[in-house]
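Here, each number is a calculation from the coordinates, and none is a lab measurement. If you're wondering where the values come from, they're calculated on a predicted model, not measured in any experiment. As a convention, Cβ positions derive from the backbone with ideal geometry for all residues, glycine included, and neighbour counts pool all protein chains shown.
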Amino acid sequence: MTSAERARLIDRQEFEAECRAIRERALSYAAAKRQAERARFESWLGRSVEPDVIRPGLKPGRKSQTLTLNGVTKTLSEWSICTGLAINTIRSRLRLGFPIEEALRPGKLTNAGTLHTVNGESRTLREWAAHIGIRYEALIARMNKGRTLAEALAMPKGSGRRKPGVVSNFPAFEGTGAGSTAQEAPNLTFSQKA
């Protein structure tokens, strides 16, 4: 077997392994979605759903995040099934600083009146944004990128903004390379051809 044939064989084997892994992830995702939809339907009918039975598989090597509310500890996926909220909704509410009981409350929540404490000071997110001199939307955008409130407040003002154009910190430049007086400039003549 030549080295080129060996390389093609290795490429084909790697491709087949990647396809198998993708297929397995897709099937486990579909099964988890079917279980979640069935649990939502069962809860709508008023039937109790056993959370241990409906537990979507995790990716290998990952630990599920658990939350405890009123002495009950469940994973995010289990809380998602019980509340009808998407897992990303619960995660983003927790990242925005909502207490667990509010983060798990179904429906749309506003963060307007919630106080957030950083370094012993408590303020709403709008008050924190005004305090450090940035727009409320900019503070929320910082936190949506995965930063905690303390990290978002510690960032310098305008740090997420890109400034278009040429940098202006070039060293001073003198002249253009041509002579500065008329005597030093070369004498050029042009002729037109008809």
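At TRP44 and ARG91, where each label point lies 7 Å from the Cα along Cα→Cβ, what is the point-to-point distance in nanometres?
2.6 nm
Taking N as the number of residues in the range 63-145, what is its alpha-carbon radius of gyration divided by 2.2 N^0.38 Å?
That works out to 1.20 for the range 63-145.
Starting from the Cα-Cα distance between ALA17 and ARG123, subtract it from 0.36 nm times their residue separation and give me the gain in nm to one decimal.
Net length gain for the segment: 32.9 nm.
For ARG147 and THR68, what is the calculated FRET efficiency with R₀ set at 22 Å and r taken between the beta-carbons, to the nearest 0.05?
Rounded to the nearest 0.05, the efficiency is 0.35.
Taking H as built 1.01 Å from N, whose amide H comes closer than 5 Å to the amide H of LEU69, not counting residues under 5 places away?
Amide H neighbours of LEU69, under 5 Å, 5+ apart: LYS74.
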